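Worksheet: one structure, shown below.
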């Protein structure tokens, strides 16, 4: 005898009417909803922690430094001097041009320092007077005029 039949027989014995159509579905059974499925997977704190971990991994991947690309031949545009004596250069790869100029100035015997600001790579140097011929050649090769006061300031931005 099934459970439904037992309820019907007991209801007949106790003279209590029973609507059998209501017994076909379990009234205590939960219907699958998205929220209940998530609860079945684990606590919401665990799911939140997993989402946070994924977000941190994606952010780390986006902000990770990239390997330097192969150096290409860089032909800077002609230098434009701004009112403060800062020479403006444009290059396809500003960072590599900055490093190249600094390395060449060091090889010519001049101490030069590089810096970075958002969108601009810069070089500053105090040139000896008179300016050595090797330093003049480096500056001319990059289209930078020799500063009259000996204070070299170059800013390089992307094309």
How would 116, 126 line up from fewest to most surrounding beta-carbon atoms within 10 angstrom? 116, 126
With a 10 Å Cβ neighbour count serving as the proxy for reagent exposure, in which order, fewest first, do 137, 62 appear? 62, 137
Rounded to the nearest angstrom and ordered from largest down, what semi-axes does the equivalent ellipsoid of the range 80-158 get from its C-alpha gyration tensor (root of 5λ)? 19, 14, 11
What is the extension gain from residue 15 to residue 62, computed as 0.36 nm multiplied by their sequence separation minus the C-alpha to C-alpha distance, in nm to one decimal? 9.6 nm
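Rank the residues 142, 121 as a footprinting-exposure proxy: fewest other Cβ atoms within 10 Å of their Cβ go first.
Values: 142 20, 121 23.
Ordered by Cβ neighbours within 10 Å, fewest first: 142, 121.
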Stretchable slack from residue 6 to residue 106, in nm (0.36 nm times residue separation minus alpha-carbon distance): 26.1 nm
At R0 = 22 Å, how high is the FRET efficiency between residue 151 and residue 115 if r is their beta carbon distance? Nearest 0.05 is fine. 0.90
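Readers should treat all values here as calculations from the given coordinates under stated rules, not as data from a laboratory. Predicted model, so just to flag it, every value in this text is computed and none were measured. All Cβ positions, even for glycine, are placed from backbone atoms using ideal geometry, and neighbour counts span all protein chains on display.
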